[in-house]
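Notes follow once the structure below has been shown.
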Amino acid sequence: MNRRTETLPDDYFAGMYASDPDPWGFTTSAYERDKYAATLAALPRAHYQTAFEPACSIGVFTRALSERCDRLLATELVPAAAQAAQARCADRPGIEIRQGAVPADWPVGQFDLIVFGEVLYFLAAPDLSEVVRRTGAAIAPGGDLVLVHWLGETDYPQSGDGAAEAFIRLAAPFARVLHQSRTEAYRIDVLRAGPDP
């Protein structure tokens with residue numbers, strides 16, 4: 001299968017949500033449920049002060065992650081999905097949902113946790129490099145980075161393994177791998193920004 005050479009365009013995702021408000025089955029899929037549980041279990045700390053989750057979709061994982069964070073900023077490219085996430089998380093005062101994409105709409109501020117859940121492989125190499133650069137500036141010393149990637153076949157600009165390995169390589173000047181796990185369906189990579197607190 002030939003890979004796309006450009007970052008997937010906005011209308012690719014908008015079209016998916018136009019035909020189905022939950023196109024990946026976040027609310028119903030056993031894969032998503034198990035992956036979310038494994039992602040939360042992989043977090044090295046029980047609690048974080050400030051977290052960032054780009055590409056939060058309709059906010060299913062966002063809501064679960066918020067239980068481990070004082071403040072959680074999540075962004076989503078597609079306005080309808082961002083609105084669904086806002087509605088799902090409306091009773092959680094520590095969550096802020098914004099409409100936007102990475103790297104273009106990267107938020108100002110510093111975070112002690114950034115979770116990239118199945119988003120990096122949508123990015124072409126230049127945008128992935130820019131995301132890593134911005135991550136290096138935004139992650140607090142001793143902060144944690146979590147990468148989650150599906151390992152199935154796609155035509156995305158990167159494979160799951162390719163996106164994860166590229167991020168790890170590019171982040172090496174500021175972060176080291178703490179833990180990696182892999183199932184047949186997905187991989188989770190946890191990195192920590194130096195120096196340790």
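So here's what we get for this one:
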| item | result |
| --- | --- |
| Verdict on I139 being touching a Cys at 6+ places or on another chain (Cβ under 6 Å) and buried (at least 18 other Cβ atoms within 10 Å of the Cβ) | no |
| E53 being crowded, with 20+ Cβ neighbours inside 10 Å, within 15 Å of Y36 (Cα to Cα), modelled with pLDDT of 95 or more and of a type in the set (D, E) | yes |
| Strands (runs of 3 or more DSSP E) lying entirely in the range 63-133 (those with 1 or more residues that are buried (at least 23 other Cβ atoms within 10 Å of the Cβ), in contact (Cβ under 8 Å) with a residue 60 or more places away in the chain and among the aliphatic types (A, V, I, L, M)) | 111-117 |
| Test result for R133, closer than 23 Å to A74 by Cβ and among the basic types (K, R) | yes |
| Residues that are within 15 Å of A101 (Cα to Cα) and either crowded, with 16+ Cβ neighbours inside 10 Å or touching an Asp or Glu at 6+ places or on another chain (Cβ under 6 Å) (or both), drawn from the range 10-28 | F13 |
| Selection status of F26, in contact (Cβ under 8 Å) with a residue 60 or more places away in the chain and within 18 Å of L72 (Cβ to Cβ) | no |
| Residues of the range 161-184 satisfying the condition of being hydroxyl-bearing (S, T, Y) and either within 17 Å of the chain's Cα centre (by Cα) or at positive phi (or both) | S181 |
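Residues are listed down the side, and each one gets a yes or a no for (1) assigned to a strand (DSSP E or B); (2) surrounded by 13 or more Cβ atoms within 10 Å (Cβ to Cβ); (3) touching a Gly at 6+ places or on another chain (Cβ under 8 Å); (4) without any contact (Cβ under 8 Å) to a residue 40 or more places away in the chain:
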| site | (1), (2), (3), (4) |
| --- | --- |
| Y156 | no, yes, no, no |
| P173 | no, no, yes, yes |
| Q180 | yes, yes, no, yes |
| V190 | yes, yes, no, no |
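The values are calculated or read from the model by the stated rules, or taken from the named source; none is laboratory data. In this text, all values refer to a predicted model and were calculated from it rather than measured experimentally. Reconstructed Cβ throughout: ideal geometry from the backbone, glycine too, with neighbour counts over all protein chains shown.
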